[in-house]
Every structure is written in structure tokens, then in C-alpha cells.
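Engineer: One structure is given below, represented as C-alpha cells, and several questions about it will come after.
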Amino acid sequence: MAGINKEMIKEDLIELCVRIGDRHVGSKRNQRAAAYAAERLTSMGLTVTQPEFKCIDWEYGDIILTAGGMPFQASIGPYSLPCDIHSKFVTASSVNELESKSFSGKIAVLHGDLCQEQLAPKNFVFYNPDHHKQIISLLEQKNPLAIVAITGRNPEVAGAVYPFPLIEDGDFNIPVANLTIEEGEKLLLQEEAEMHLRIDSTRIPSTGCNVLAKKSGQIDDRLVFCAHIDTKKSTPGAIDNGGGVVILLALAGLLQDYSGKYTIELLINNGEDYYAYPGGMQYLAENIDTFDQIAAAINADGVGLKGSRTTYCSFNASDILNRIISNVFQDSSKFIERDPWYQSDHMLFAMNGRPAVALTTEDFDNAWANIAHTAKDTIDLADIDILADTAVALRELIDELNRDL
């Protein structure tokens, strides 16, 4: 087996997170990142395809929000439509209030129970609870001129962004702005006043692609290793998830002399942080008839934070697979088992009944509450040794799975 190349890991991370940086879906930088990953994988002898999907890029400028002549600090909801509105506003803090009040010709100010968590996008099929659908449906039926949502923190979905965006959905066609709890409390005191809300933004039709690399084995059954290459807008995405991508690139380098039983598939998924999950949906559609050939799927998301071991957890795993995983990750100075978490690409496989393993950082709660999805997620947070150790462990996992599974 070829040795690990830490200098190349560092170079890949610099390219993705410094020279390219923000890799939000639909952007030129996202397309550049995918092309870079494809070129690297091709250079290491893997068969590479780049299945394309339609998406939208989104650009935004300034936001102005005043009420009663008083200015408020607000943020534009991702993928929001633009607006320039002078209107009274009506508040609602519960589904009952949303049902009972009229918002025609008014701005809706949402708070309280309606704003406890980010609402699932309309067409997101993996997680879309009924109460989310009910709120979205009511908002579309009531059709306010715009929505101002008073939100707090929601790190499980929105990372460290504060205020979290209540709605992040390019299929939702009412302009949306968000306020912090502190600003919102002041706004609610102005309920009888006229509001001015101006949002400068535009949706731009675009395309993106997955990067899918294969190393043929002796049988069609395959081991899938995945990581998402996209970021939220305005973040360089080193921990979320440049580290995961460079682990796959390093693993590809360790596979150049591979001749095992299983076919190896490296899926650099595009769109994990995009409202419609286009890369995952595309992979599912193209592979739905062969999902039963996936012996195991291993996802890396959030790996590599300095001072923090790599954690692992499994889904739908047999006793044999769990034993293999535990043996490979037995060095407790580098790896530790954790409780299952559900917010990344491994769920594409787990929810379709396949064995899946999720890798992330031990300091998960801090990373998601204070770093993820923000400009703080920079390359200086990443530890090259951790990324290298994880790639080597995945290569060892391949050998163990070929021998015992």
C-alpha cells in the first residue's frame, strides 16, 4: 500500500478552503472545486464521472428594516426573493394565531413557537415533519407581503448562524428576513407602526455536479465512501467539510494498488448544505436499483478539528461489521465511538436500509454551535495529522471488510 502524503493533504485543503473558499452550490467556485476534485481523482487512476444537476445560485446585497422610524439589524433569509415594502405588520407566535389572523397586504412577523427550529424545505424528502408542512402551507395560504422571523440558535441544522434562518428554501416564494431575539423584542413593541422592509437579492439559474470515482473490485458489491464538497454561502468550510473531501482524496492515493473483492466508490457529494439536497437526490435516483449492492457506506463530515479525536457511529450494522469498525478504530488516542447523529450524507444510505458509518469530530457540539456555516470555519482550525490518520484508518477498514465481511 502506498504511503500517506501529508503535504498533498495540506495542498488539497489549501486549494479547496483558501484559494477557492466559499463553495456554495450553483456558484462558479463550487464548480471549480468539483473540477479540482475530479482532476485529482482521475490523476490517481480512478474512473471518474461528474453527473450534473440543475440548481440556483443566489446573490444578495443590503437589507433595510425599520418600524416606526426605528432601524433594526436584520439578515436576509437564504434564497429569499427581493422586496421593497412599506406596510403595517401583523404578529403571530403560534399555529392558532397564524390560522386566525389576516395577513393580506401586510408583513407577517413570526416569533415564539413558530420560530423554535428551522423549517424543512418544501421538497426535502428525508425529513419534513407535519408541523413544518402545516406552517409553510399556512404561510403560503395567508400570503403576506413578506415574513420577518424572530429566531434564536439552531446549531443542529443551521450551525453557528445567529439568528438562524427560519426558511432556507428556493422553492418558497415569499421574501424572508430574520431578526435576533434581542432585536425582535424591540420590534414587537412597534406593532402599530408601519414597517419598511427592503431586501436586495436575486436567484440565478445554475448547475452543479457530484464527483463519483470508482476503483473496480472482483464483484459488483461496493463500499461507498462519501463527503460533501459544498459549503454554506460566505464560509470557507474547512471543518464543514473540506476535511472530509481531502480525506477521500488521500484515500484515493492509498488505493492505487488496490485489488480487493469489493468495488470501491468515492462519492464527493454536492449539495448537503443546499436546501434541496440535489446531489444526494441524484445519487439516489441513479442508484436506487443497486442500493442492495452497497455493503457499507462511510461518511466523513466535520473531521479534523484541532485537539479533537475523530468519532464514529454506525447505522444498520451487523455484529460482524461493528466488530470490524471497532477493531479498525481501536486507537483511543485518535478515535472514539459516539452516539448516532443524523444530519449528514450517511442518512441517505441509512434511511434506505444500508449499513452506514458516520465520522465527525469529538468536539461536535462546539463545532456546530460556534463554527459551522460561518466565516470562522477556516483552515487554521484543521489538523493535517488527524485527516491523514483518518484516511489511513479507512484504507485499513477496506482491507478488513474485504477479508471478513
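Bear in mind these aren't lab numbers, they're just calculated from the coordinates by the rules spelled out. Please read these numbers as outputs of a predicted model, since none were measured by experiment. As a convention, Cβ positions derive from the backbone with ideal geometry for all residues, glycine included, and neighbour counts pool all protein chains shown.
Engineer: Which one, Gly61, Cys115, Ser94, projects farthest toward the positive side of the charge dipole computed for segment 16-117 from Cβ point charges (K/R +1, D/E -1)?
Structural biologist: Comparing the listed Cα positions along the dipole, Gly61 ranks first.
Engineer: Separation of segment 140-171 and segment 340-362 by C-alpha centroid, Å?
Structural biologist: Cα centres, segment 140-171 to segment 340-362: 25 Å.
Engineer: If you don't mind, there's one more thing I want to ask. Amide H neighbours of Gly217 under 5 Å, at least 5 residues apart or on other chains, H built in the peptide plane: list them.
Structural biologist: Long-range HN contacts for Gly217: Thr263, Ile264.
Engineer: Considering only DSSP states other than H, G, I, E and B, which trypsin sites (Lys or Arg not before Pro) in segment 289-335 qualify as loop sites with at most 15 other Cβ atoms within 10 Å?
Structural biologist: For trypsin sites (Lys or Arg not before Pro) across segment 289-335 that sit outside H, G, I, E and B with at most 15 neighbouring Cβ atoms in 10 Å, the list reads Lys306, Lys334.
Engineer: May I pose another question? So what's segment 58-204 giving for Cα Rg divided by 2.2 N^0.38 Å, two decimals?
Structural biologist: Segment 58-204 yields a ratio of 0.95.
Engineer: If I take every Cα pair under 8 Å that is 6 or more residues apart in segment 58-204, average their sequence separation and divide by the length, what percent do I get for the relative contact order?
Structural biologist: That works out to 42 percent.
Engineer: Return Ser94, Ser206, Ser75 ranked ascending by Cβ neighbour count within 10 Å, so the fewest neighbours appear first.
Structural biologist: Ser94, Ser206, Ser75
Engineer: With a sphere of radius 11 Å drawn around the Cβ of Gln293, what net charge do the other residues whose Cβ falls strictly inside it have (Lys, Arg +1; Asp, Glu -1)?
Structural biologist: -3
Engineer: Counting other beta carbons within 10 Å of each Cβ, put Glu400, Glu265 in order, fewest first.
Structural biologist: Ordered by Cβ neighbours within 10 Å, fewest first: Glu400, Glu265.
Engineer: Assuming 0.36 nm per residue, please report the length gained on full extension of the stretch Glu286 to Glu337 beyond their Cα-Cα distance.
Structural biologist: 15.1 nm
Engineer: Compute the FRET efficiency between Asp399 and Ser137 as 1/(1 + (r/R0)^6), taking r as their Cβ-Cβ distance and R0 = 51 Å, and round to the nearest 0.05.
Structural biologist: 0.50
Engineer: Using amide H atoms built 1.01 Å from N in the peptide plane, name the residues 5+ places from Thr91, or on other chains, whose amide H lies under 5 Å from its own.
Structural biologist: HN-HN under 5 Å from Thr91: Val109.
Engineer: Using the 2.2 N^0.38 Å rule of thumb for compact globular proteins, work out how the chain stacks up: its C-alpha Rg over that value, please.
Structural biologist: So the Cα radius of gyration is 1.04 times the expected 2.2 N^0.38 Å.
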